[in-house]
Amino acid sequence: MLEDHIKPQLNIRTRSPATPELHGNTPLYKRVPSRDEDGKPLSDFMMLIPGLRNLGRVLFNDRVAGIQAVINSHREVVFVDLNVPINILWISLKPRIGLISQIAGEIQHRIPEALLIAPDHRFASKG
């Protein structure tokens, strides 16, 4: 069926920069899924978007629309959290080789200041 191949549109929920207090919010680790509907582990990544919380309404909405367009073009994305007070975007997805780099690159194309937060494997212990 065609409906089986259509991913529902993900809507980004943002936390207002006017209320940066985190009390009363459920911690991310309690909200983010760790497994898909088949019990397989999910992958996730974070991006820092410097200055996001300080943007005017028009520029802010433009950035959010860019993120929305990218995540809605990838069926593998299952969870998104945009934490405006700390300028962090969290994305959880079904793993596929190269997908994190692809999505991060597409977001950086739309939002050049966005930075992928990732370990530098060059300095990882070989032990």
**Request:** Inspect the range 3-23 for any residue being part of a helix (DSSP H, G or I), surrounded by 13 or more Cβ atoms within 10 Å (Cβ to Cβ), at pLDDT below 95 and within 14 Å of the chain's Cα centre (by Cα) and give the result as yes or no.
**Result:** no
**Asked** If you take the residues of the range 25-44 that are touching a residue at least 12 places away in the same chain (Cβ under 8 Å) and assigned to a strand (DSSP E or B), which of them is nearest to residue 106 (Cα to Cα)?
**Response** 44
**Request:** Those residues that are surrounded by fewer than 16 Cβ atoms within 10 Å (Cβ to Cβ) and touching a residue at least 40 places away in the same chain (Cβ under 8 Å), I need them from the range 45-65; list them, please.
**Result:** 48, 50, 51
**Complete:** Residues of the range 78-118 being surrounded by 17 or more Cβ atoms within 10 Å (Cβ to Cβ) and free of Cβ contacts under 8 Å to residues at least 24 places away in the same chain, in sequence order, are none
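Each row is one residue, and each column tells you yes or no for (1) of a type in the set (Val, Ile, Thr); (2) assigned to a strand (DSSP E or B); (3) at pLDDT 95 or above; (4) in contact with a Gly (Cβ under 6 Å, 6 or more places away or on another chain).
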site	(1), (2), (3), (4)
60	no, no, no, no
71	yes, no, no, no
75	no, no, no, no
78	yes, yes, no, no
92	no, yes, no, no
97	yes, no, no, no
103	yes, no, yes, no
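The values are calculated or read from the model by the stated rules, or taken from the named source; none is laboratory data. Just so we're clear, the structure is a prediction, and the values are computed from it rather than from any experiment. Note: ideal-geometry Cβ built from the backbone for every residue, glycine included; neighbour counts use all protein chains shown.
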